[in-house]
Amino acid sequence: MRFTIHLTRLSLLLILAAARLSAQAGPPFQTDDPTPVDLHHYEFYIFSTVDGTPAELDPTGPAFEFNWGAVPNIQLHAILPFGAVIPSNNPVYAPGGIGPSAFGLTDMELGVKYGFIKQTPHRPQIGSFTMFEMPTGNFNKGLGVGRVWYKLPLWAEKEFGSWSLVGGLGYAVVPQTGYRDYLYGGYLMKKTVSERLELSAEVFSHAKEGIATAQTQASTSSMRAAITTSNLPASNCSSPTATPSRAKPRTTPT
């Protein structure tokens, strides 16, 4: 099995929220955290990400995210994203990465986060974050998968003073031609320097996603480091990334 490590992935995040900066996962990372929003509280985010391979660039943004603490230990989640598919049209990667560019509404995400084990001095916080990817993007333009698909992860987090360790595994179910069901997982380490500054590093990996995605032939590991600052306070949110984008079949470049 071949592994490709991408170090050029760029994520930009504009956060509009109403809580303190805390050692939680989420944008700009793909690893998520298991902690739901507090009961009857909500979060609103506007974010943008850029992802891709030499065959194709897949920016997302603006994307609008809303999280609400509906009942104790349960968070309802929604993302309405706009995005683009920008093939390189380089014959080296044909038949992948060939075709016109497109921009528009992509697949909407709905989810439920359930924190079923609370953190104590001797055990981590553990929770699930089931997501439903709704086919709101135009399949023919490469902006959506064309069917409802699902992500079924379990995440765990343990805090040690100003340090936070987050990790977990998930399984994506994608019932569409050209796509595969696949495992994914991530590990994130964060250091809170102040209420407005965090230092973070992440390793994220997923298996084959299918010939209709940008990474087709082998598991892909992504390494990312970030310095996060905020003039407005922020709190935990879900990851808008780690979703296979529908595009014309291509082969993963070596």
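Residue-by-condition table, conditions (1) of a type in the set (Ser, Thr, Tyr); (2) under 19 Å from the mean Cα position of the chain (by Cα); (3) under 25 Å from GLY115 (Cα atoms); (4) assigned to a strand (DSSP E or B):
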{"residue": "VAL166", "(1), (2), (3), (4)": "no, yes, yes, yes"}
{"residue": "LEU169", "(1), (2), (3), (4)": "no, yes, yes, yes"}
{"residue": "GLN176", "(1), (2), (3), (4)": "no, no, no, no"}
{"residue": "TYR179", "(1), (2), (3), (4)": "yes, yes, no, no"}
{"residue": "GLY186", "(1), (2), (3), (4)": "no, yes, yes, yes"}
{"residue": "THR192", "(1), (2), (3), (4)": "yes, no, yes, yes"}
{"residue": "GLU202", "(1), (2), (3), (4)": "no, yes, yes, yes"}
{"residue": "SER205", "(1), (2), (3), (4)": "yes, yes, yes, yes"}
{"residue": "ILE211", "(1), (2), (3), (4)": "no, no, no, no"}
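Just one of the numbered conditions (1) within 27 Å of ASN67 (Cβ to Cβ); (2) touching an Asp or Glu at 6+ places or on another chain (Cβ under 7 Å) is not true of PHE116; which one? The single condition PHE116 does not satisfy is (2). The number of residues in segment 137-158 that are closer than 14 Å to GLN119 by Cβ, touching a Leu at 6+ places or on another chain (Cβ under 8 Å) and surrounded by fewer than 23 Cβ atoms within 10 Å (Cβ to Cβ) comes to 1. The number of residues in segment 63-79 being surrounded by fewer than 17 Cβ atoms within 10 Å (Cβ to Cβ) and either in contact (Cβ under 8 Å) with a residue 60 or more places away in the chain or closer than 14 Å to GLU109 by Cα (or both) comes to 3. If you go through segment 185-216 one residue at a time, how many are among the hydroxyl-bearing types (Ser, Thr, Tyr) and touching an Asp or Glu at 6+ places or on another chain (Cβ under 9 Å)? Of the residues in segment 185-216, 3 are among the hydroxyl-bearing types (Ser, Thr, Tyr) and touching an Asp or Glu at 6+ places or on another chain (Cβ under 9 Å).
Out of all the residues in segment 91-115, which are among the β-branched types (Val, Ile, Thr) and assigned to a strand (DSSP E or B)? The answer is VAL112, and nothing else. For segment 146-162, what are the residues that are at pLDDT 95 or above and not charged (D, E, K, R)? Result: GLY146, VAL148, TRP149, TYR150, LEU152, PRO153, LEU154, TRP155, ALA156.
Working carefully through the options THR213, THR243, find the one that is of a type outside the set (Lys, Arg), out of contact with any strand residue (DSSP E or B) (no Cβ under 8 Å at 6 or more places or on another chain), more than 30 Å from HIS122 (Cα to Cα) and at pLDDT below 90.
On inspection, the qualifying residue turns out to be THR213.
The values are calculated or read from the model by the stated rules, or taken from the named source; none is laboratory data. Only a predicted model underlies this, so the values are computations on that prediction, with no experimental measurement involved. Using ideal geometry, Cβ is built from the backbone for each residue, glycine included, and neighbour counts are taken over all protein chains shown.
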